[in-house]
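Encoded as structure tokens, the structure appears first; notes follow it.
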Amino acid sequence: MVVFRALPGLGDLLCVVPALRALRAGEPDAEITLLGLPQAAAFVARFPHLIDRLLPFPGFPGLPEQPVRNPELLAFLAGVQGQYDLALQLHGNGPISNMAVALLGARQMAGRFLPGQWCPDPGYFLPSEDNAPEPLVWLRLMEFLGYPSQGEALEFPIHEEDRAALRALPGAEVLTPGSYAVLHPGASRAEHRWMPQRFAAVGERLAERHLRVVLTGTAQEAEVTGAVGELLRGLGVPEVLDLTGQTNLGTLAALLAGARLLVCNDTGVSHLAAATRTPSVVVFLGADPARWAPLDRDRHRIVVGDDLGAVLAEMDAQLEREPHLVR
């Protein structure tokens, strides 16, 4: 069977893990292929117990995640005809996603649809839900298809080599579990980024609580994390460790697993914190928290809007609790 989820973000992939877990439990002997973007290869390699292989998606007209390469698309569609017994559309709820999956030529397809739009098969398609948490949307589809839930929690396997690679990063060898907090000031969309000055104020409070501040982000976010680091130095915050651009999925997960707290924007790292059970405070500036906030609102606190005082209050409340109570 093939699962279509060609979205670019880490959170986009992590949010379908509960659905994939239910699918695998119901089809233990099936070969499950993820039809996704090429950059999903690291994610697929991390979940061999859920996904057997990645089939790179060549793009499709009307789907913005990557440019459409028409000759490759036509060759791709010709090559997959009749290969799959079931094609699961876990990409979205629009008619374009369903059309793309229909063209795969699977014996049966399933997914979600917008009421009033094309429903390929009422026996295998559920109407979309407004403001429903993303992991539960697809988990409910699995249950509708006869695959009972195996739990709502996200997961991310961490291996010993991930921990060793983290310790090998310059400056990270001194980090001990519970002695540091992570600030992740980046986000894929600029309008979702809290101001560097706000993150610096949070870092100053963390230092006052005797926690070392660790900055993370992709290489493309170096300007943002660099601005936060400069502000922290101006505030006299000691020994800030900037790991921007130095972590991969495994080392970032290992870092979060040992952190006392994560403070971040609404972006993929918040879902990784949910998967590693790391307490967090997540700032929502644009996205819908009803859809994208972590399910566990005790371990993961959310603040909607540019409210520094609310973030500091939620952060203090998290830090005043015993670590084992939120792990």
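Could you check the simple spin-label distance between Asp288 and Asp316, using points 7 Å along Cα→Cβ, in nm with one decimal?
Going by the 7 Å Cα→Cβ label model, 3.4 nm.
Return a whole-number percent for the relative contact order of the chain, with Cα pairs under 8 Å and 6 or more residues apart as the contact set. Walk me through the intermediate numbers first.
Values: 607 pairs, mean separation 50.9, N = 327.
Relative CO of the chain lands at 16 percent.
Can you tally the net charge around Glu230? Count Lys and Arg as +1, Asp and Glu as -1, for every other residue whose Cβ sits under 12 Å from the Cβ of Glu230. Mind dumping the intermediate values first?
Values: positive: Arg233; negative: Glu223, Asp242.
Around Glu230, the charge tally is -1.
Nearest 10 degrees, 0 to 90: what angle lies between the long axis of helix 308-319 and the longest principal axis of the chain (Cα atoms)?
Helix 308-319 and the main axis of the chain meet at about 90 degrees.
Starting from the Cα-Cα distance between Asp29 and Asn70, subtract it from 0.36 nm times their residue separation and give me the gain in nm to one decimal. Could the numbers behind the result be given before it?
Working: separation 41, 0.36 × 41 = 14.76 nm, distance 3.42 nm.
Between Asp29 and Asn70, full extension yields 11.3 nm more.
Does anyone have the angle between helix 249-258 and the longest principal axis of the chain? Alpha-carbon axes, 0 to 90°, nearest 10?
For helix 249-258, the angle is close to 50 degrees.
Asp266's amide H: which non-local residues (gap 5+, or another chain) put their own amide H closer than 5 Å, with H modeled 1.01 Å from N in plane and none for Pro or chain starts?
Long-range HN contacts for Asp266: Val283, Leu285.
Tell me the angle of helix 222-234 to the major Cα principal axis of the chain, expressed in degrees between 0 and 90 and rounded to the nearest ten.
Orientation of helix 222-234: about 20 degrees from the principal axis.
When ranked by the protection proxy of mean other Cβ atoms within 10 Å per residue, highest first, what sequence do the peptides 292-298, 252-258, 30-36 form?
Details: 292-298: 17.0, 252-258: 24.0, 30-36: 20.3.
The packing order, highest mean first, is 252-258, 30-36, 292-298.
State, as an integer percentage, the relative contact order of segment 253-327 based on alpha-carbon contacts under 8 Å between residues 6 or more apart.
30 percent.
Roughly how many Å is it from the Cα centre of segment 121-151 to that of segment 201-238, as a whole number?
40 Å
Every number in this text was worked out from the coordinates using simple rules, so none of it is lab data. All figures in this text were calculated on a predicted structure; none of them were measured in a lab. Neighbour counts are summed over all protein chains in view; Cβ atoms, including those assigned to glycine, are modelled from backbone coordinates with ideal geometry.
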